[in-house]
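Have a look at the structure below, then the notes.
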Amino acid sequence: MRELPQSLTPPSDGETVETEIPLSRRAMLSGMGAMALLGMAGCSTTETLDLPQLQLDDTTTGSVHPMRPAISVDKNITGPDVMYASLTDGGFQVPEVPWQKVKPEFRRQIVVDKTGEAPGTIVVHLQERMLYLVQPGGDAIRYGVGIGKDGFRWSGRANIQYGKEWPLWTPPPEMIQRKPELVKWQGGQPGGLTNPLGARALYIYQDGKDTGYRIHGSPEWWSIGQAMSSGCVRLINQDIIDLYSRVSKKNPVVVV
């Protein structure tokens, strides 16, 4: 009969022996790997990172990217206390606007563009009392406006022929007939804080001809959202200064 190795001989009563079982190198490495995995599983922790959530807009914008930030960032569109603060421009001190008295929807802001027009187009929506400057990427800058009274409104497609800072205002003859006190300005009222055209004016032409209509500023901030002009589109002075800085000659204009 084959003898058992001494290390595997059954112990006698009361005797304790250590059993030596030879392990192959592969078995040892496998065992060490398993223990390492168990150790990793036992020591690992799951952390929840508090990351800021990016607000996304998934509306159709014509962009090749179906998801995009819901609002653009623009250094000139910030808190109303900053946008409508007093400022020095062209030698004039433009007064602060009491923005708390201006309805929030009429304050300058970035919105999702729903006009369907090309970037750079100025869209005036008469019923909404809003002006949109279409931006690349599916946004638009929106400004509250005052519009013409019934019988003085104009609509259609045209373009900006040119613009002027602190423009001269000359009342047309028919306006002087309605308001004879304006005869003193038949030669033109110089630009200034009381000038009806405000800090800037954009002159609207159609088929190369002056329509007589303007997009301009106004010292009468309380008239925004109202229909009380003689047909022109008026903005708060701080807003027309901002809009003027963003447009150039020949920008398309759509009034609907």
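Please treat every number below as a calculation from the coordinates, not as lab data. Given the structure is predicted, the values throughout are model-derived calculations rather than measurements. Neighbour counts run over all protein chains shown; Cβ positions are idealised from the backbone, glycine included.
In a shell of Cβ-Cβ distance under 14 Å around K103, excluding K103 itself, what net charge do Lys and Arg (+1) and Asp and Glu (-1) give? Taking every Cβ under 14 Å from that of K103, the sum is +2.
Ranked highest first by average number of other Cβ atoms within 10 Å, how do 190-202, 123-135 line up?
Numbers: 190-202: 20.8, 123-135: 18.9.
Output ranking for 190-202, 123-135: 190-202, 123-135.
Charge dipole (Cα centre; +1 on Lys/Arg Cβ, -1 on Asp/Glu Cβ; no other charges) of segment 56-255 amounts to roughly 420 debye. With a cut-off of 11 Å between beta carbons, the residues surrounding P171 carry a summed charge of +1, where Lys and Arg count +1 and Asp and Glu -1. Peptide packing for 203-210, 178-185 was compared via the average number of neighbouring C-beta atoms within 10 Å per residue; ordered from the highest value, the list is 203-210, 178-185. Note down the net charge around D242, summing +1 for each Lys or Arg and -1 for each Asp or Glu among other residues with Cβ under 12 Å from its Cβ. Every neighbour counted, the sum reads +3. Amide hydrogen proximity for R200: with H placed 1.01 Å from N in the peptide plane, the residues at 5 or more positions away or on another chain lying under 5 Å are W166, G217.
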